[in-house]
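Everything below concerns the one structure shown next.
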Amino acid sequence: MHDLIQYVQSYLDPNVKVTPGAAGNMFWAFVYIMLVFLGLSVAVIAMNWLERKILAHMQVRLGPMRVGPHGLLQPIADALKLLLKEDLIPAGADSFVFWFAPFIVVLAAFCVFVVVPFGPQHAITDMNIGILFMLGVSSLSVLGVVMAGWASNSHYPLIGALRSSAQMVSYEIAMGLAVISAILMTSLNATGTGTLSMIGIVEAQKAQGEWFIFKFFPLGLIAFFIFAVAMVAETNRAPFDLAEAESELTAGFHTEYSGFRWSLFFLGEYTAMIAVSSIAVTLWLGGWLRPFPNLLNSPTWDTLFSYVPGATFLFLAAICFYNVARMPKHPYFRIQTMGLGAFGAALALIGLILFIPVVSVRVQDIFWFTAKVAGFQYLYIWYRGTFPRYRFDQLMHLGWKVLLPLGLGVLILTAGVGLLQIKS
Amino acid sequence: MPDPTSLSPLDLDTPDKTFLDANELIINMGPQHPATHGVLRVILRLDGEKVLGLECVIGYLHRGVEKIGENRTYAMFNPYVDRMDYVAAVSNGLGYCEAVEKLLAIEAPPRAQHVRVILTELNRLTSHQLWLGTHALDIGAITPLFYTFRDREEILKIFEKYCGARLTTHAFRIGGLQYETYSGFEREVKNFLAFFRPKIDEYEELLTTNRIWLERTRGIGKISAEDCIALGVTGPVLRASGVKWDLRKAQPYANYKNFDFEIPIGENGDTYDRYIVRMAEMRQSVRIIEQAVDALPEGPIMAKVPKVIKPPVGEVYHSIEAPKGELGYFIVSDGSTQPYRVRVRPPSFVNLQALDTMCRGQLVADVIAVIGTLDIVLGEVDR
Amino acid sequence: MPEETKPPSQSSPPGEVKPATEKPAATPATPAAKPAAPAKPAAPAPTPWDSPMIAKLKRSYGSGIEPLTYLGQHYMIVDRSLIPEILQVLRNEEQFDYCVDITAVHYPQREKQFDVIWVLYSFPRNERIRVKTLTKDGESLPSSIPLWAAANWLEREVYDMFGIKFDGHPDLKRILLPEGWKGYPLRKDYGILQQDNEWVQINLGIESGQ
Amino acid sequence: MTPVATPFFFYLLAATMLIGGILVITCKNAVHSALALIVTLLAQANIYLMLYAPFVAGVQIILYAGGIMVLFLFVIMLVNIDRAMKERQFNSQWWVGIIAATALGGLFIAVYTKGKSIFPERIPSIAEGENTQRVATLLYGQYMFAFEIASLLLLVAIIGAVVMAKKRI
């Protein structure tokens, strides 16, 4: 028993500066896995609500307003509805493949998070092929899509699956080229060897005092742009949501799915969005590093920035309280008002806790990482509200004839410029 | 395939007969499909994603409007015509009332004509707004739909205030109008125009220069002027192909000849041009409404119409420029209180024939875009 | 319904439109413009129609065509046997390049039961005419698809609703009604509440659609 | 990181691979075969991981499981499965197969019995972190020429495929 406690405590030693996986501490690795899993589920629920609300406000409407204050409980109501819905398997479907396909999508999306670095030690483990692992595993989700489309034994899902397989395979190449150019940048150090480790990549940005998006301007920016486009295509989101284009293929590859299995696709899609966004954040936006680490690097700024997480939560709480005040005073709205007030109070409490120095030091890495990823999620929603859908051949044209040559060019130029820098 | 005289014959070298050749796919789109605007059923023959040909199956919404017309009196049939093109009910009513008036050899008084023009053009706006929203939605831009519906609501409010109905208005009567305009009608219409003009710019801002929109619509569903005329296609589709023909100018009805407006035309006859033409048409409609409101004369709103409408024996064909194209009524009277035969020449029905010609050799996604750009209403196609 | 009330002033004999040769009801100069006809004649009737085009047609076809004007609208009643030629001439020589509509009217008491009407429009001339012919039940007409592609669905609809067949139509089948439906609904002997109960029972699995 | 329960995982993965491999050739449905092949490939990637070759494992997943097998499925999905199901499963070349299998089995047994004298006792272990660099150094140093030749070969294959598949170029 004592050994066990020691085993648990050994990781909490401030001298341990590695991830639980690297430290070989299975207990903490398990805790991290659970935390990541829970956090992702909450994030997907939040995304669901936010997407509806943001999209609604972009489209001059209110979005969900009935279930809970400002529709806050809507995702939960939806999840319940989906779980209680009948889970159909069409008569002509290949039942095993049909049954298994959603799990592949979800598994692939969640597995990626094994190596996502929320902080220098806040990752489940740090693989030395981290980025390769992420790309590889996230590319497996296309298998689930293809299986779902084929197993449904119906034309629309089949076309959806064909589209998405072609799309994902093509955009992976452009994506890979962009990633490689970022990895090349990690090798601009004394030893001249780069790294594929996710934590290593962020450390390299820290060491070079520059986020890779600004490195070799505009090369880093272009690579980032290529990745940002490819990742939208990779996750089948608007304007590249051809695989599930509802106006053409009704719902594409998941036309025949319902209830729980459909919600797995939903979960997989949103998790994948967060996953690819975290790749982008890690590679180009400095991962967990706070903004302006090189310019504003005095201890004063450090403390100031460490207040930002708490302040953000207080700000959100303030918005809640403002809306509590704006709620109609009719008794009918009493429960809603109380609920919103309680939600605001919870946010405020979290905000206050985040001001405690011990907590804020440990958490601010995670906060910055999450904030950057959240920015990408907002972009996803924004794209959906603004862009019409690409056509399939135009999508391929963009992937193969624009992004791929651009990626190759950036890669070669990055290598050249990097070589010159090392020489000089 | 059903259309042998189609001027673009089936592209015979399309299926690449290589060892990788996949089977041709027959896909049934509709009648329950999010993008077929109702209950249109399209059977597509595909090679991969390329359309080799298609056949429309229609009639799911057939209600026998023409047969009903033979069994109702002239006045009783008036509300039924609203149910054909239900997004442009006022236009339908105008066409029918004018046709019967012609048969009776009477003419609505000037004030009634002005109000008719105002309401019809407002209705053209609602129709085009609905087209824009759904067309953009089909192409994947979900936001314009909500913008257009927000503004369409304002027009529907005017309709509701005028005649108590929003969609199937039954706004006109044979010989003029039943209702005098409500107080503040002119002011509200003017307020709406002032409100709406910047909104058209707003729609255009979302789409006109959007790169993806351009790529999705330019060169898609091209149809030449000759094909349009051969296939009897009218309305904005014909004008986008470069034919400057609008019944409001060519054979003016109501009192359109008193108003100053232009006929916007396109050059290429593709989906983008049709989009531009309809947007320009909305601006022209605003112009017409403005002139009509400014010059709204005083006077009676009803011509001298017998209580029992019994047109003399004879037949008449009258057509108007509905938002979708030429809407014609062919009415045969046998001298009784009921029309002997009412034939409606629906623009959507004839325009839909062009779908095959416009879609051959394009991709599945383009079929959706073309259905959207044809602006069909199945209630009118099937009657 | 209208505020002004006036006893019905028209009374006309029922039956077929008879060509009469009295005074013109409207000026034929502006074809489709609204005819200003303030005076209400007791029974306006079609008047003969004359124009260079008609003169030319008359020269070639003589009494086979009967051009008339009614309420400012021109139409001609053409002998059944002349239809292919007349349509051809109108399309190719007289520039009636737009087939607006094809429809039919059923007169069950007549020997030639159907009027078939082509509404034609000419873009170059901005002129609209109607061509009408009389045909018996069971007789077929030549398809005008070679002249106007638009005739395809219009002829199908006439077939669907009246049972008039068009020779040379590539795909003459029902268009609005389902395949296999019995009866032609726009014929006068088809009641308004009548329907093909057998079809409904077989295909929809219900006793009756009403 | 110290390996955990190595023999257990080795046998588990090996069994997965074998079962997957058998399913590949016995499944009547081509899509099922392809899916079984993916399972095999993934198990193989894990075995690479156990051999301290994470780079190879990652590439295996990206290229084979994520890329090539998706293209396989892409093609198979378009094939008429019903017709393929009716065709005979094994063709008349079964005796060639038996000879090949026997020869391969003999080879394996020979290697297993005589192997200790042919191969070194154990591979000199390299640090896990350096694996990727080692691969790179070997690939772009010692085997540069072979590597480039291979890429040229692939280019030829690509052009050939394009020429064969496209009617007009």
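The values are calculated or read from the model by the stated rules, or taken from the named source; none is laboratory data. These numbers come from a predicted model, not from an experiment. We place every Cβ from the backbone using ideal geometry, glycine too, and count neighbours over all the protein chains shown. Note: areas computed on protein heavy atoms with side chains; ligands, DNA, RNA excluded. Shrake-Rupley method; radii C 1.70, N 1.55, O 1.52, S 1.80 Å.
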Test for A:SER95: is it closer than 21 Å to A:ALA272 by Cβ, hydroxyl-bearing (Ser, Thr, Tyr) and either modelled with pLDDT of 80 or more or under 20 Å from the mean Cα position of the chain (by Cα) (or both): no
Quick one: what pairs do we get from region A:3-25, first residue farther than 26 Å from A:VAL202 by Cα and open to solvent by less than 60 Å² (accessible area, probe 1.4 Å), second at pLDDT 75 or above and of a type in the set (Phe, Trp, Tyr), C-beta under 8 Å, 6+ apart or different chains? A:VAL8/A:PHE27; A:VAL8/A:TRP28
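Tally up the residues in region B:179-191 that are of a type outside the set (Ser, Thr, Tyr), in contact (Cβ under 8 Å) with a residue 60 or more places away in the chain and buried (at least 17 other Cβ atoms within 10 Å of the Cβ), please. Give the steps one after another, and end with the answer.
Residues of region B:179-191 of a type outside the set (Ser, Thr, Tyr): B:180, B:184-191.
Narrowing the set further to residues that are in contact (Cβ under 8 Å) with a residue 60 or more places away in the chain leaves B:180, B:186, B:189-190.
Narrowing further to those that are buried (at least 17 other Cβ atoms within 10 Å of the Cβ): B:189.
Total meeting the criteria: 1.
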Restricting attention to region A:195-219, which residues are part of a loop (DSSP other than H, G, I, E, B) and touching a residue at least 60 places away in the same chain (Cβ under 8 Å)? A:THR195, A:LEU196, A:SER197, A:GLY209, A:GLU210, A:TRP211, A:PHE212, A:ILE213, A:PHE216
Out of all the residues in region B:212-228, is one or more open to solvent by 20 Å² or more (accessible area, probe 1.4 Å), in contact (Cβ under 8 Å) with a residue 12 or more places away in the chain and β-branched (Val, Ile, Thr)? no
What's the number of the condition C:GLU157 fails, among (1) under 16 Å from B:HIS62 (Cα atoms); (2) surrounded by fewer than 21 Cβ atoms within 10 Å (Cβ to Cβ); (3) not hydrophobic (A, V, I, L, M, F, W, C)? (2)
Please find, among D:LEU13, D:LEU18, the residue that is more than 11 Å from chain A (Cβ to nearest Cβ) and either open to solvent by less than 40 Å² (accessible area, probe 1.4 Å) or touching a helix residue (DSSP H, G or I) at 6+ places or on another chain (Cβ under 6 Å) (or both). D:LEU13
Number of the condition not met by A:PHE212 [criteria: (1) within 14 Å of chain B (Cβ to nearest Cβ); (2) touching a Phe, Trp or Tyr at 6+ places or on another chain (Cβ under 7 Å); (3) not β-branched (Val, Ile, Thr)]: (1)
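Strands (runs of 3 or more DSSP E) wholly in region C:122-210 with at least 1 residues that are in contact with a His (Cβ under 9 Å, 6 or more places away or on another chain) - which ones?
On the way: elements: C:127-135, C:140-142, C:165-167.
In region C:122-210, C:127-135 are the strands (runs of 3 or more DSSP E) which contain 1 or more residues that are in contact with a His (Cβ under 9 Å, 6 or more places away or on another chain).
Can you tell me which residue is modelled with the lowest pLDDT among those in region A:11-22 that are in contact with a helix residue (DSSP H, G or I) (Cβ under 8 Å, 6 or more places away or on another chain) and in a helix (DSSP H, G or I)? So that I can check it myself, show each step before the final result.
Step one: of region A:11-22, the residues in contact with a helix residue (DSSP H, G or I) (Cβ under 8 Å, 6 or more places away or on another chain) are A:11, A:16, A:19-21.
Adding the requirement that they be in a helix (DSSP H, G or I) leaves A:20-21.
Numbers: A:PRO20: 73, A:GLY21: 69.
Top of the filtered list is A:GLY21.
Every residue, every condition in (1) of a type outside the set (A, V, I, L, M, F, W, C); (2) more than 10 Å from chain D (Cβ to nearest Cβ); (3) surrounded by fewer than 18 Cβ atoms within 10 Å (Cβ to Cβ), yes or no:
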| position | (1), (2), (3) |
| --- | --- |
| A:ARG61 | yes, yes, yes |
| A:GLY71 | yes, yes, no |
| A:GLN74 | yes, yes, no |
| A:ASP78 | yes, yes, no |
| A:LEU88 | no, yes, yes |
| A:GLY92 | yes, yes, yes |
| A:VAL97 | no, no, no |
| A:VAL146 | no, no, no |
| A:GLY149 | yes, no, no |
Matching residues in region B:124-178 - criterion: being in contact with a Gly (Cβ under 9 Å, 6 or more places away or on another chain), buried (at least 24 other Cβ atoms within 10 Å of the Cβ) and within 26 Å of B:TYR96 (Cα to Cα): B:TRP131, B:ALA171, B:PHE172
Report, by residue number, each residue of region A:353-377 that is surrounded by fewer than 17 Cβ atoms within 10 Å (Cβ to Cβ), within 25 Å of A:MET47 (Cα to Cα) and in contact with a helix residue (DSSP H, G or I) (Cβ under 7 Å, 6 or more places away or on another chain). A:ILE353
Considering only region B:255-285, state which residues are closer than 17 Å to B:VAL237 by Cβ, open to solvent by 10 Å² or more (accessible area, probe 1.4 Å) and under 17 Å from the mean Cα position of the chain (by Cα). B:ILE263, B:PRO264, B:ILE265, B:ASP273, B:ILE276, B:ALA280, B:GLN284
Within the group A:THR282, A:THR250, A:THR255, which residue is modelled with pLDDT of 85 or more and either in contact with a Phe, Trp or Tyr (Cβ under 7 Å, 6 or more places away or on another chain) or buried (at least 24 other Cβ atoms within 10 Å of the Cβ) (or both)? A:THR282
Looking at C:ALA43, C:ALA25, can you tell me which residue is at pLDDT below 75, more than 7 Å from chain B (Cβ to nearest Cβ), surrounded by 15 or more Cβ atoms within 10 Å (Cβ to Cβ) and farther than 30 Å from C:ARG156 by Cβ? C:ALA25
What helices (runs of 4 or more DSSP H) completely inside region B:87-200 contain at least 1 residues that are touching a Pro at 6+ places or on another chain (Cβ under 7 Å)? B:89-104, B:110-139
When every residue in region A:26-55 that is of a type in the set (Phe, Trp, Tyr) and either open to solvent by less than 80 Å² (accessible area, probe 1.4 Å) or not in a helix (DSSP H, G or I) (or both) is compared, the one modelled with the highest pLDDT is A:TRP49
Looking only at region D:98-128, and only at residues there that are under 27 Å from A:ASN128 (Cα atoms) and open to solvent by less than 100 Å² (accessible area, probe 1.4 Å), the one that is modelled with the lowest pLDDT: D:GLU128
The lone condition B:GLY242 fails out of (1) away from every other protein chain (no Cβ under 11 Å); (2) on the phi < 0 side of the Ramachandran plot is (2)
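Could you grab me the full set of residues in region B:48-63 that are at pLDDT 75 or above and either touching a Ser or Thr at 6+ places or on another chain (Cβ under 8 Å) or away from chain C (no Cβ under 14 Å) (or both)? Spell out the reasoning first.
Step one: of region B:48-63, the residues at pLDDT 75 or above are B:50-63.
Once the filter is applied, which keeps residues that are at pLDDT 75 or above and either touching a Ser or Thr at 6+ places or on another chain (Cβ under 8 Å) or away from chain C (no Cβ under 14 Å) (or both), region B:48-63 yields B:LYS50, B:VAL51, B:LEU52.
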Give the residues of region C:160-210 that are surrounded by 14 or more Cβ atoms within 10 Å (Cβ to Cβ), within 17 Å of C:HIS106 (Cβ to Cβ) and touching a residue at least 24 places away in the same chain (Cβ under 8 Å), sorted by residue number. C:ASP160, C:MET161, C:PHE162, C:GLY163, C:ILE164, C:LYS165, C:PHE166, C:TYR184, C:PRO185, C:LEU186, C:ARG187, C:LYS188
Just checking, does region B:338-345 include any residue being within 12 Å of chain C (Cβ to nearest Cβ), on the phi > 0 side of the Ramachandran plot and among the basic types (Lys, Arg)? no
Residues being open to solvent by less than 60 Å² (accessible area, probe 1.4 Å) and either more than 22 Å from the chain's Cα centre (by Cα) or hydrophobic (A, V, I, L, M, F, W, C) (or both): count how many of those fall in region A:378-388. 3
So, of the residues in region B:277-326 that are closer than 30 Å to B:LEU231 by Cα and basic (Lys, Arg), which turns out to be nearest to the other protein chains (Cβ to nearest Cβ)? B:LYS324
